[in-house]
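The structure appears below as structure tokens.
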Amino acid sequence: MRNIAIRLRYDGTRYHGWQIQKEEATVQKEVENALSRITGESVHVTGCGRTDAGVHAERYCANFRTNAFIPTERLPYAINALLPLDICVSAAVAAEDDFNSILSCKRKEYTYRLLNTRIRDPFLENRVWQHPVTLDINVMREAASAFIGTHDFSAVRSVGTETKSSVRTVYYFDITKDHDLIEFKISANGFLYNMARAMVGTVVFTALGKISPDSISSILAAGDRRLSGPTAPACGLYMTYVEYGGPVGEMMES
């Protein structure tokens, strides 16, 4: 049985996240339906992360197993012919037999986009968080720097979610501004549920004077979600990079 990895892009506005749910439209459901029609088999697709409702992906990886002999270079064309227009498979490759898009992932990057203006942009509707109050980017950068490194990130995850460990390593948390558009780029070896959005909400709170930038370290040490900032809206979040080794890594870099 072949193990195939695919690279995807999707606009998550219409979907209740990646993962299949009984009654809701999800990205995984659409991809599995298309692959099942192509292969004539019941196909299960493993995605590299469980993006939330309304979250987007510019670079996402998933893998599936099949007995079908469709050439990998033809798969994107065949799948895209059956997918809705807001989901696209941009590449496919034969993966190693033990490859798993979740377990084989070395690190991920999320980018959050915030439009810092009182005037909305209709072309960015459902694609950014519009924030009307002017934000001090230098204050936010100071706060963001405290998240870098290996920490227990319980203070910036959704309450009630369970994982074996809430310790993660953040490699960078960069903030840039181009006119009214502010981008927050966060790279880590893994993310807790709503972690990226809560990190963004927390640094925005520092720019609003509701949290001091130099208190971030103590907030992380306390591990109390009530001490950090709000969870930023889903519409501004994008998965933008996923790192792997081997042939899948080459596909994701191409």
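Every number in this text was worked out from the coordinates using simple rules, so none of it is lab data. Please read these numbers as outputs of a predicted model, since none were measured by experiment. Cβ atoms come from the backbone with ideal geometry, glycine included; neighbour counts cover every protein chain shown.
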- Task: Return the FRET efficiency for the residue pair HIS179, ILE70: r is the Cβ-Cβ distance, R0 is 41 Å, and the value is rounded to the nearest 0.05.
- Result: 0.35
- Query: Based on the alpha-carbon gyration tensor of the range 76-139 and its eigenvalue square roots a ≥ b ≥ c, which shape applies: rounded if a/c is under 1.5, prolate if not and a/b is larger than b/c, or oblate?
  - Reply: oblate
- Query: For ARG9 and THR134, what does the FRET efficiency come to when R0 = 22 Å and r is the distance between their Cβ atoms, rounded to the nearest 0.05?
  - Reply: 0.10
- Message: Pairs of alpha-carbon atoms within less than 8 angstrom and 6+ residues apart define the contacts here; what relative contact order does the chain have, in percent?
- Response: 24
- Note on the structure: Excluding near-sequence neighbours (fewer than 8 apart on one chain), the chain holds lysine pairs with C-alpha atoms under 23 Å apart numbering 9
- Note on the structure: Relative contact order of the range 107-240 (C-alpha contacts under 8 Å, at least 6 apart) in percent is 36
- Task: Taking the convex hull of the Cα atoms, report for the range 107-240 its projected area averaged over all directions, in nm².
- Result: 7.5
- Starting from the range 13-48, pick out the trypsin sites (Lys or Arg not before Pro) whose DSSP state is loop and whose Cβ has at most 16 other Cβ atoms within 10 Å. LYS22
- Can you tell me what the convex hull of the Cα atoms of the chain projects to on average, as an area in nm²? 14.0
- Give me the angle, in degrees from 0 to 90, between the Cα long axis of helix 195-207 and the longest principal axis of the Cα atoms of the chain, rounded to the nearest 10. 20
- Item | Using alpha-carbon coordinates, inclination of helix 27-39 to the longest axis of the chain, degrees | 10
- the range 2-104: relative contact order in percent, alpha carbon pairs under 8 Å with at least 6 residues between: 42
- Task: Take the alpha-carbon centre of the range 127-194, take the same for the range 90-126, and report the distance between them in whole Å.
- Result: 15
